Each structure stands twice: as structure tokens, then as C-alpha cells.
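A quick write-up on the structure given underneath.
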Amino acid sequence: MSFAVAIRFVFRRAVAAGLLSVVGLALQLRGDFRVPQPNPEFHFPADHGSHPDFPLEWWYVTGHLYDERNERFGFQATFFRQVSEDGSERETLHLAHMAVLDVSRKNFIYQTRLNRDGWDAASAVGKLSAHNGNWSIVMEKAPSERIDLIGGVRSEASFALKLNPKKPVVLFGDKGYSRKGEGADAASYYLTFSRLETSGTLRIRGEDMKVHGTSWMDHEISSSRLGEGLIGWDWVCIQFLDGRELMMYRLRHADGSSDPASMLTWVDATGATRKESFAWRPLSTWTSVSTGGRYPSTVELSTRDPQSGGAVKFSIEPLLLEQELAAGPGGIAYWEGACRVRDASGKEIGSAYMELTGYVKPLKLTAK
Amino acid sequence: MASAPVIEARALSRAYAEQPVLIDVSLRVNEGERVALMGPSGSGKTTLLNCLGGVDRPDRGEVFLLGRRLNDLTGDALAELRRSRIGTIFQFFHLLPTLTIFENVELPLQLVGVSATERSARVTTLLERVGLLSRKQAFPGEMSGGEQQRVAVARALVHHPSLILADEPTGNLDTANGASVLQLLRELTDETHTALLLVTHSAEAAAICHRTVFLRDGRIDHASEDSPAVTV
Amino acid sequence: MSGHAALKASLFWRTTIRHWRTGIGQFLLMLGLLSLGVGVFVSVRLANRAALASFSNFADTLTGQSDWILQPLAGTLPASALGELRAALGSRPADLVGVVETSAPLNNSKEQNLHLLGVDLFVVTNLAEARRKPGAQDQRSFESDTADFAHDQIWVSPLSRFAKGQAVSASIGDRTETLRVAGFIPTLPGQTPAPANLAVMDLMDVQRLSGKSGQLDRIEIVIEGGHDEDAVRREVNEIATRLGAGRWTVEAPAHGRESANTMTAAFRLNLTVLSLIALLVGLYLIFQTLDGAVVRRRTEIAILRALGVPAGWIQQLWLAEAAVLGLLAGIIGAGLGWIGAQGSVQFIGRSINTLYFETSARSATLDFREAVIAIGLGVASSLFAGWYPARIAAKTPPAQSLARHAWSGSRQHLRNAIIGAALIGLGVVASWIPPYRPVGGVRFPLGGYAAAFLWIFGVGVVTATALPLWAWLVRGLGGRSVPGRVASSYLRFPTTRHRFSVAALVCAIGMAAGMAILIASFEGSIRGWIQQSLQSDLYLTSKATTTAHFSPIDRSTVDRIAADPAVASIATRVYQTIVIDGLSTTLGGLELKNPTVQASFRWLEKPRKALDSYDAATSAFVSESFSDRFRKYRGDEVSVPTPSGLKRVTIGGVYSDYASERGTIAIDEATVQTWFKRDSVTHIATILKPGADATAVRLRWAEAFPGLIVYENASLRGQILEVFRQTFSLTYALEVIGVVVAISSLAITLASVLMERRDQLTTLRALGFSRRELALSACGEGVAIAGCAVVGGLLLSLALGWLLIHVINKQSFGWTLGFELPAAPLVGLAVSTVFVSAIVSYAVGRWGAGLRADREE
């Protein structure tokens, strides 16, 4: 779901460095924004596009790539749309984060960018088409659902990828209505392409590579409200070699306990979903040199496999520990990285992207 | 006196502005020999001295210093030879005003590249010998004429030259001081077996020499020679 | 040869240095004068650089570094150009920063205008991230303590005197706005803080306040860092250039600095050249001093030679003496220069502000490079001046033949006169050389400067040769008196140092008087021009208008002024910066059919028919600077870039204009308004009804229109002349220093000559000369030298004045000036030089008369 980064924009007081206070992104939205409601109805491809009547929305792509020599890479490409309001003024902002992981060179680079809605950043209504500076995500004309993704990190790396859905859109939560804590308005619409066959080019350090692999894309349309008392969250998406997927998010309270709104959902080979209870146990930790944040590194996830009906345990291991996005406009650090997944016997059974927030300092996630 | 010639002039002639100053002059000074060169003003004494010292060049004739023909040498080579083989004493002392007594005497040794320790030893010995060691840090301006000339004598001898050229060394001194400088010159040249060519007007000065050569109108006046053993 | 080196060092220490110690007074005086020469040069150089540096930082402060800057050829760029660029650049990692600038004079303050820079604050914050090195944490952005974002917030320089939260009242356009200080402009690591007068505001707010909604003054492009940076930079340049054809230019920021450089090159060059007067005179001084020392120490040199020191060593010792002197002077001069620069930077900054663009230089810094330049200059000039004396020293024969040959350093007068005449002749040839045009519309009068230097040296040599003639004059004037006779006897056989004293004074007087002639001619021409071009009663401009930036006045304001009961008629002008052939120049929209406007032109190339009969849309009249800079003359076509495309106009005439060296091209006002789709103006001139009180109207308007400056005719004239005088005020200081150094060198010369004549002085005293008579005799000598130099110097100044006016100024600024001789200042300079020289020489003479004879030397 990956709303971590977007949420933080809402909470101006949580932001240490001053940009946000300058632009005054106070969450004092007047009552004329819509709030996600149960039993939604979606119309695709129009609902892949932007929903300006909701204050917060994002398209969040993560993926695993291999070049022709089978060298491994990871990438993250995220586009947010956020409405800020100050007095009588309302302004739409677009934030984007990009990250590229070069596993064999142990190199992780990232960049963030924040723009006003306008000539350099926008998201279209009625179709998926968003851009921020030189980065863009666009879905081809219907009936094709193929997505063109262009991104990169400064002049260090760039990629142009075609993302081809191998399964229909998954509607997480209750038919796409996903609770984000207590309170009637703490919710979002959560739409996901859980398996995107990916191919294209990746240029890194002046070297052009043909790459292929698998991506995951979340699209959430949010009220931008969260439950009270939360200090952060952990999120993970797993793509198993057997063609199934798993998505889990865990909203953390100050005492370390999980909020009841936390959730784990399996996606089977056909795209059908099934929720299961779960347990999350960090096996080791990693401390960031640049921020001092102490993150879980390898994590053990215990749940029930709906296919076999038996209990299963996976370990989720980062491909590189240093996958922290430490700086950027807004200034809240988080960890978002590519991982490999092993079963209890140590056999590699899939790939994952994991997001860890609130480990540098507690996020004050108190909505107004 | 077993006599190898230190300096030898053969038939020197020199003219300034068409005016002959030296005419066919031949002269030889042997090792350890003191020769006085006398003659009236304008007779060519200083010109002869300059030609012998390599400061001036004769129009005709040859000069040999320790067997080397000076005529063939470049200006720098002459300077080199002058620096190492000749000591010079002037009528007006010509000590360098900004150098102390010690430094003045030391200078010729520096020029020929003697090491600092040896320089110090030799200068000290010599200054003691001329009786001025106690004043070695004084500047020339603080000393009497006689003292200055004794320093000049020390300077002329310090680098063990083969030949000393002295131009009226007592001309600017009173009798007592003149006598003491002459005495010093005689003793020191005897001790070091150094040849001396002394240009002078004074009979007292000539008296310390082994022989006297007279110059008149640019020629050697053989008639006035006081010694039968003139080598020409 | 290490033994030799040690020996040379020992000799240097035991002779040269000990001589300095003995004559410490004279040594310090000379060192001081020489240091002053170097110091003046360094201070002007440092101040120049500081003034420019503050300009260059100005553009870079916010962006850290821009890779490309897109400047509109004319007017502004539409904000839509940003989207167009982004589309054309595709996925290339480049950040596009739209910029709007405006000048906002502070109300109730005498301080500089606030320079308001409008940029999208989001975009600027992205830049830190875009240029961040992988792994680096540093990130800065605009911080604010205020709780809410508001549209009156500005961020100011940490160097400014504003406090957070302070309300600032400023004029923008012709309105007054209250701005609130939200915080400070962050200083990027390794960068200097933003200039004190810079304020940053969100782009849209500046666009709104300055009436430039939807418009940009320029676009800066920042290429994001990384492996492919260089390739991206090249591609972006190509794309932006292709896309901008006919609309904008694409320049590297270095080019912006370059144009600031070239814009002020002539101004700064003049200062630099003037600052060399003192150094040049210092050169003479070194020569004289060393030459005198060679003469005084020739016995010592002769003894050294007699002891067998080679001639080459002697030369090296003397060159070393010159070099050490230069080294010391360079070091002290660098320090003096740094001190001087602190004062002159303010001055130069002010002049550049008035004349060219806004800079906020407050202090100059001396870095290693400048210090090396100063020391290098000191050493090089000392070696140059010391070379000849060193050669003379090396030629000194050994002591044995010194007395015999009555050696002296006398030089041949006739040969010197011929050399002098040849230098003057070469100078005439050099003055014909056309200006050197490197790049960027700069015209550098290389030949003119060469001619100046040749004439300075040539006239100096010739005048010095004529010194013996003054012996007759002195005899004539004070001939019967004994001191006069003595003085004239010395002048009949002057030493080299006498002659060099003359040459040094000729140089100083010639340059000072030459500049005086230039300034007088300039002022005369400007007065005439003002007389003709300022015919109206009251003039109005926006307070934000400077010579580089024209701030608009709304049409509604124009209408209100026109409707004022006191006004008989008004004429408006609209000025606009445009770029032709890559060079910034001014497009003026004038009411060319208005008889008052027509009467204000002073024609250099007169239109061939009445102005009324020219076609408004295709005719232009250009200023002399424009004509000269672009080499366009009457009848030539010029393509004027406008938002409506290139417009071809034909030049109908060339007029004289001293307002700007960028040049102006004047076109019918209505035509310009149509081309630029605007109806605002930049200047209003009004003629009042008979009987109206101009001062009363001015005061009334000043109240009614707080954003405008209202000038009365007389005060505007005064203002222009004030700017003019300010520009030249440093010049006077430089000239005075030059003359002071020259007179001091005369004193040193006389002192050294008297030292050499100690024997003769003793003799004269023995003959019954009183101390006063000896002093008078020296005074006579000094006056003769000064008089001789004044005559030569004034002749030189006529030649230099002509050269400055018709060659150097004309070539570098393109301004024709009428020659005017400022009789009073020149006479004053001449008389005061002779008078001061007389006093100084008398004093030196009295000192010399007390010298003890040193018969031992």
C-alpha cells in the first residue's frame, strides 16, 4: 500500500526541515472532499486515473529486474498527488520518489521531487497518466492495460519499462475498501496489479542494459486519515515463484503492538484474494549510519497458506541493507527495499519489496 | 734565491688616446723577491701594475703569471687568476665599508672557496699577526688609516697569493704608520715567500725591497737601477 | 656552484643589506612609495573583482549552479515555454527554473533597492536533491517560523539587516507593497551568502506584484548530477537552442558573468590603467634609486672587481637587490591594496550600480592569486627598472683603473633625443590602429593604450634631454645670485637621475592633466547634451527603474498624469532590453512625431528628411554607441527581435547619447507597444502649463504616486552630473597619488645627488656659502626639474587628452566628445607641482648642506 510517504505530507508539524512549513501544507481540508465508502464500484481503465475529489492518491510501483547476464536490480517509482489547503486556498502538489538498487555492485541510489500541479507535474483524470519532471507513468489506450514507466535517479540511472499485467486488478480490503485504523473516515480504495511482467531498458553508470522481471503496482485513493496512536507501519509485498502473491501491512502502536486494522492478504494464481491472520517477528536489525534509525532487517512472517491449509513461515531478507531513503523534500526517512523470500527450509521461494516507517523517530500520525 | 719567475712582462706597450704610456717594458719578479717600482707621476707605474695584474691589457707584448700567458685569458679567467694568485694593496686602503675587519680579510678566502673553519683560523692568525685581532668586529670607518692599511695587508696575503701588487701603500700614511706597514709587509712576504711588486715614491718603502726598477716616460730607466742583477 | 651561491648570498648580505641598513630612511621612503604603487594597483584590481563577484554570485545564489540560462531576445518569455521545454527534453534529467525579477525600492530608507527574485520555491528545493551526490545528506530549503503560508512572504539574505517577521514597505511597479520577512535565504555549502539586497519570493507572487503574470524574465536549467551529466548537458543545450531559435538565447552562467565583465570592461580598464600611474612613476623611482646607488657605491664595486669578483656576479647582486626590493614592495603593496580595496570597493560598486547593474559588493578579499600577482608585479617592475643600473654596475672596472679613467655613467643626449622622438612617432602609428574586438561587443582600444605608453615614455625622454636648456633659464632668472649660478652649473651636466626625475614627473603630470582634459571634455559634452535633450518640466519614472532594468508605469497612471490640471502636454517613452547579435541593448519607443521629442536629438548622422515623413513601422534612429557597437550606420537595416517576431527596420539617423554604452535603438512608441503587446510605459516627461509651480506639482505627485520618482528638470540635470562626477571621483585620487609619488622621487633624486656632492658641498661651505644659499641652490635645481617636467607634461597631456577623447574613449564607449581644455585645473596642477617641488627641494637642500664631507670615499 505504501502510503507512508504520502501521509507524512499531511502532517506538517512532523516535518523537521522547513519546506513544508513554507508551503503550509496543513491538513485543514474543508468538508467538501470525498471519503472512501464501503462497497465501491470501479470502472476501468478510467479509475486507474486520478480522482481529484479525494485529497490524496498515489501510484506506487516496485519491481525486480534481471539483465541479460542475469545480474539483479530493484527499482521503486512512486507518484503521489496531494491537495493542501491553507485558508481559502487549495493547492495540488505532486511528489515522486525514485530508487534503483544494483545488487551486484551493492549500490542503492534514490531521488525525490516535489512540484506544484501544473506544467511540470500532473495526473490525468479518466486514465492513468501522471508525470513529475522527467518521470512519467502512462497506461496505453484500452483495451491494452500495458503501462509505460519512465524514471531514473538524477543523471546516475534511468529506466524505460513496459509493465504488462499478468492478472486482473486486485481489490484489497473489502472489494477495494481498505480500513486504515479506527474512525469512519480512516480508509482508502486499494487497487493493485500484483504481477506485472516487466521488460525494457535500464541505464546505470553509462551502461545500457536490456532488463526483464516482475513488478507490483499499488494505486490508492485516500481520505488521508489514519487512526490515532500509530507511530509507523511495516508493509511487504511478496511475489512467489509459484505464481501467487501476498500483501501485508501492519500499523504499529507506540507499544509495538499491531493495530487491528493491520492485514495480510493472499492472491492466488487467478487473482482471487484471501485474508489470513499473521505474526511478524524481526530476526535481526540494521542501524542506518546516516539517520541512526534502527530498522528490522530479516523478518520472519508466519501465517496460514490457504492452498495447503497449513501454517507457513517465511523469512524476508533484504538484498542490501542500505536501502534507506534518508533525505528529500519533506525530510522523513524510511526504508523501502528489495528482498528475497525463503521458506522454513531456507529455499528461495520468491521476491519481495518491504517498507518500514517510523524507525528513525515516531511519526506523529494524528489526523486532525 | 732560487728563482722561478712569478710574473714576467715581455716588451709591453700601452697607449691611451694615442698617447704612449708604456713603451717596450720588460720586467720579471721571482719567487720571494721584493721589487720596488719607482718613477715620477705619469711615468706609467700604475698602468704597468694594472697590466701585470690583468686589470688592463697591453697593446703589445706579453705577460706571464706563473708561466701562464695572460694575453690569452678571458675576463673571467683573469678574474679567477687574480682572485687566487694575486693580492693587492691600494694607496687608499679600499676596504669594503659595510664589511667588518674580519669579513674584509675573509673575503678573498671566500672567493677561492676555502671552508668556513679554515677561513676563520687563517683570518684569526693573520689578524693577530698584524695586531688587530681585538678589533675584528670593527668596521673600516671606525679605524685609523694605519690600521686600515694593516688590514689591507692582511687581506692581500690571507689567500696565500704568489704575488702581491702594492700601489703606494704608504702614500696616505704618516711616517710612523708607514714604517709599521712596511715592516709588516717585509716580514710577511719573507715568512710566506711571496713575491712583491711595490709601486712607491718613497725611499723608505723602496728600502725593504731587494731591488728597485725605475720607470721614466714609459720606459725602464736602466741607468738608475740599484742592483746589478737585473733580469730583463 | 653551491659554494658560489653561498658566497653571493654572503656578499648580498654584507654589502647590499648593510647599505640599506645604513640608509634606512631613504630605503624605507622608496619602499613605501613603491609599495604604494603596487598597492594602488592591487586595490583597484581587488575592488573591481569584488564588485563583479557580487554580481556573479547573485545569479548563482539560489541554484547553486545553473547549467544553462535562457534569456528572451526581447521582452519576457511566456510561462508556457517551460512546458514546451519539458516536452522537448523528454526524460532527460534537467530541472527548469522559471525566474521573474523586479527591483523594489524600499520606502522610508536610503538603502539600496531590494532585488526581488521570483522562483517557484518547490522547484528550488528540488535542486538541492537534484545536485546531491549519492550518500550526501545535506539538504537545505527555505525555512519559515511563521505558521501559515502567505503571499506577502519574502526570504532575505542573511547579510541583510532585516529580522524575521519584519514588515518591509517597498515600491513595486508604481504601487507600494508591504512584504513580510519569513526567513533567510539558505546558503549552500561552499557558496557565499546571497547579496544583502536580494530577496526571494514565490514565483507567482512576484509575477502578480510586478504585473508579469504568465511571464518569465528567464529560465535557468539545472542538469541533475551523475554519470551522464555531461552528455545530458550537451543534449539539453542543443534542444533548448533549437527550440528557442528566434525567441531566446541559451547561455552558460559563465557567459552571464562574462557579459557583466565585458559590460564594465572599459570602465574597469580605465581605472586599472590609471592605477598604473603610480606604479609607472614607481618604476622611474626604482631606476633612479638604483642608478644613484650604483654611482655612490662604485668604489665598492671596483674593490670587489679588483678582488676578483666577476662582472656577472656584480650584475646578479644588483638585480637581486632590485628583486628583493620589489618583493618587499609587492608584499607590503598587497597589504596596502587590500586595505585600500575595502574603501574603493564601495566606490566601484556604487559606480557599477549607477552605470550598469546592481551589485552589492561590500568588501574585497585578497586571495593567494591576487597576492602573487601583486608580488609578481613588484618584482617584475623592479627587475625591469633595475636591469639597466645593474648592467652599468657590472661594467664598473676594477679599483686599480677606477681613478685613472674617471669612469662615469654618462649617456649620450643626442641618442636619447632620437630614441624619444622615435617612441613618439611609433605612438602616432599605434593611435591609428583600429580597436580590438574580442567577443561580446567589446571594443578594446589596444592601439590607443599602446600609443599612450609610447608617448609617455617618449615625451619623458625628450623632455629630460632638454634639461640642460633650463640651465640657461635658471641663470636668466636667478643668474646673478650665486646659488642660481651653482644650480645652473649642475643642470648643464645633469645626471641620469636628474633626467629620470624629469621623466617621472612628465609621466605623472601628463597622465593627470590628460585625464583632466578628458573629464572636462566629457562634462562639457554631457552638459550640452542635457541642455538639448532635457526640455520638459517634470520627469517621472518608476523607483525600480535602473539603467539595466526598466520598470513599467501603468497606462492608468499615465492617464491620471495627463489629466492633471497643471499639465500642458506629456510625452511618454517605453524602454525595453533586447538582444541583438547576442548582445544586450536598449530598444526605446519614443513619440517620434512629437516636436519636443524631435528637438531633443543631437544628430551625428542627420536624417535625410523630416522625422514626420519616416514610416513608423520600418524606421529607427540609433544612438552613437549602438551604431559603433553593432557597426550599423544610416541606411543600414537592423532586425529587432519582438514577441511578434523579428522586425526589420532601417536606420534613418544616428544621434549622440551618453546615457548608456549599450546603445539605444529608437522606434516609434506606438509601434513598439504593438510589437510587445503592452500599453504600459517606462518614462513620462511633462510640460506644465504656464504659471504652474513645478515644485508644488512634484510634491503633489510624489505623494499621489509613491512608486514613482518625480524629477524637476534642474534636479534631473544635477542628478546626471552627479552620477558623472561620482564615476570619476576615484580617478582624482589615483592622479594625486601619481603626482605625490613623482614629487617624492624628485626629493629622493636631489637627496642622492647631494650625497654624492658632499665633497663639493664642503668646498662650497669653505668658500663661504651659507646653509640657506646651499638650500636655495638645491631649490633652483628642483624647480628647474619640475618646470621642465611641467612643460613636457602639459604637452604630453594635450596629446594624451586627444588620444583619450578621440581614440580610447571613442573606441571603448562609442561616444564623440568635444575637446575642452580645463585651463584652471591645468594651471593649478602646474603651479602646485612647481611650488611643492620648490619647497621639497629647499628642504632637501638644507638637509644636504648639513652633510659631513666623507673624503675617504
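For the stretch A:287-302, a residue qualifies if it is closer than 24 Å to A:I349 by Cβ and either under 21 Å from the mean Cα position of the chain (by Cα) or touching a residue at least 40 places away in the same chain (Cβ under 8 Å) (or both), and the qualifying residues are A:Y295, A:P296, A:S297, A:T298, A:V299, A:E300, A:L301. Just one of the listed residues (A:R179, A:R205, A:R195) is basic (K, R) and either within 14 Å of another protein chain (Cβ to nearest Cβ) or under 26 Å from C:E224 (Cα atoms) (or both), and it is A:R205.
Only residues that are modelled with pLDDT of 95 or more and touching a Pro at 6+ places or on another chain (Cβ under 8 Å) were counted across the stretch A:338-368, and they come to 3.
Take A:W119 and tell me if it is within 12 Å of chain C (Cβ to nearest Cβ) and closer than 16 Å to A:A160 by Cβ.
Details: within 12 Å of chain C (Cβ to nearest Cβ): yes; closer than 16 Å to A:A160 by Cβ: no.
Judged against the criteria, A:W119 is not a match.
Which of the residues that make up the stretch A:123-163 are of a type in the set (A, V, I, L, M, F, W, C) and over 30 Å from C:A231 (Cα atoms)? Once the filter is applied, which keeps residues that are of a type in the set (A, V, I, L, M, F, W, C) and over 30 Å from C:A231 (Cα atoms), the stretch A:123-163 yields A:A124, A:V125, A:L128, A:A142. The set of residues from the stretch C:453-472 being farther than 19 Å from C:V753 by Cβ and either at pLDDT below 75 or not in a helix (DSSP H, G or I) (or both) is empty. Of the residues C:A823, C:A849, C:A843, C:A853, the single one that is at pLDDT 85 or above and over 31 Å from the mean Cα position of the chain (by Cα) is C:A843.
A:R154: surrounded by fewer than 22 Cβ atoms within 10 Å (Cβ to Cβ), of a type in the set (K, R), within 12 Å of chain C (Cβ to nearest Cβ) and more than 30 Å from A:Q37 (Cβ to Cβ), yes or no?
Working: surrounded by fewer than 22 Cβ atoms within 10 Å (Cβ to Cβ): no; of a type in the set (K, R): yes; within 12 Å of chain C (Cβ to nearest Cβ): yes; more than 30 Å from A:Q37 (Cβ to Cβ): yes.
Spelling it out, it is not the case that A:R154 is surrounded by fewer than 22 Cβ atoms within 10 Å (Cβ to Cβ), of a type in the set (K, R), within 12 Å of chain C (Cβ to nearest Cβ) and more than 30 Å from A:Q37 (Cβ to Cβ).
Residues in the stretch C:670-684 that are acidic (D, E) and at pLDDT 85 or above: there are none.
Among residues of the stretch B:91-125 being surrounded by fewer than 24 Cβ atoms within 10 Å (Cβ to Cβ) and in contact (Cβ under 8 Å) with a residue 60 or more places away in the chain, the one that is nearest to the other protein chains (Cβ to nearest Cβ) is B:F92. Looking only at residues in the stretch C:68-125 that are hydroxyl-bearing (S, T, Y) and more than 7 Å from chain A (Cβ to nearest Cβ), the one that is surrounded by the most Cβ atoms within 10 Å (Cβ to Cβ) is C:T102.
Output the residue which, of all residues in the stretch C:1-22 that are more than 10 Å from chain B (Cβ to nearest Cβ) and farther than 19 Å from C:A393 by Cα, is modelled with the lowest pLDDT. Among residues in the stretch C:1-22 that are more than 10 Å from chain B (Cβ to nearest Cβ) and farther than 19 Å from C:A393 by Cα, the one modelled with the lowest pLDDT is C:M1. Being within 20 Å of B:A195 (Cβ to Cβ), buried (at least 21 other Cβ atoms within 10 Å of the Cβ) and modelled with pLDDT of 85 or more is the requirement here; does B:V25 meet it? So B:V25 fits the description; yes.
Listed by position, the helices (runs of 4 or more DSSP H) enclosed by the stretch B:1-117 that each have at least 2 residues that are over 29 Å from B:A138 (Cβ atoms) are B:45-52, B:75-85. Just one of C:A323, C:A329, C:A311, C:A302 is in contact (Cβ under 8 Å) with a residue 24 or more places away in the chain, in contact with a helix residue (DSSP H, G or I) (Cβ under 9 Å, 6 or more places away or on another chain) and buried (at least 24 other Cβ atoms within 10 Å of the Cβ); which is it? Matching residue, one of C:A323, C:A329, C:A311, C:A302: C:A329.
Rundown of residues vs (1) loosely packed, with under 14 Cβ neighbours inside 10 Å; (2) over 20 Å from C:Q531 (Cα atoms); (3) without any contact (Cβ under 8 Å) to a residue 24 or more places away in the chain, yes/no style:
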| residue | (1), (2), (3) |
| --- | --- |
| C:D615 | yes, yes, yes |
| C:P643 | no, yes, no |
| C:I665 | no, yes, no |
| C:G707 | no, yes, no |
| C:R717 | no, no, no |
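Any residue that is within 14 Å of chain C (Cβ to nearest Cβ) and either aliphatic (A, V, I, L, M) or over 17 Å from the mean Cα position of the chain (by Cα) (or both) - is there at least one of those in the stretch A:256-276? Looking for residues that are within 14 Å of chain C (Cβ to nearest Cβ) and either aliphatic (A, V, I, L, M) or over 17 Å from the mean Cα position of the chain (by Cα) (or both), one finds none in the stretch A:256-276, hence no.
Sort through C:R404, C:R415, C:R369, C:R411 and tell me the only one that's surrounded by fewer than 21 Cβ atoms within 10 Å (Cβ to Cβ), modelled with pLDDT under 80 and over 26 Å from C:T495 (Cα atoms).
Values: C:R404 fails: over 26 Å from C:T495 (Cα atoms); C:R415 fails: over 26 Å from C:T495 (Cα atoms); C:R411 fails: over 26 Å from C:T495 (Cα atoms).
C:R369 is the lone residue from the list that is surrounded by fewer than 21 Cβ atoms within 10 Å (Cβ to Cβ), modelled with pLDDT under 80 and over 26 Å from C:T495 (Cα atoms).
Let's see how each residue does on (1) more than 14 Å from chain C (Cβ to nearest Cβ); (2) surrounded by fewer than 23 Cβ atoms within 10 Å (Cβ to Cβ); (3) aliphatic (A, V, I, L, M):
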| residue | (1), (2), (3) |
| --- | --- |
| A:P52 | yes, yes, no |
| A:L65 | yes, no, yes |
| A:V83 | yes, yes, yes |
| A:R90 | no, yes, no |
| A:L95 | no, no, yes |
| A:F108 | no, no, no |
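Tell me which residues, restricted to the stretch B:132-162, are touching a helix residue (DSSP H, G or I) at 6+ places or on another chain (Cβ under 7 Å), without any contact (Cβ under 8 Å) to a residue 40 or more places away in the chain and part of a loop (DSSP other than H, G, I, E, B). Within the stretch B:132-162, B:L132, B:K136, B:Q137, B:A138, B:H160 meet the criteria.
Evaluating C:F149 against the criteria (1) surrounded by 14 or more Cβ atoms within 10 Å (Cβ to Cβ); (2) within 12 Å of chain A (Cβ to nearest Cβ); (3) at pLDDT 70 or above leaves one unmet condition, (3). Here is the figure for the stretch B:38-65: residues that are within 14 Å of chain C (Cβ to nearest Cβ) and either of a type outside the set (G, A, S) or within 14 Å of the chain's Cα centre (by Cα) (or both) total 15.
The values are calculated or read from the model by the stated rules, or taken from the named source; none is laboratory data. What you see is a predicted model; the values in this text were computed from it and never measured. Glycine gets a Cβ as well: all are built from the backbone with ideal geometry, and neighbour counts include every protein chain shown.
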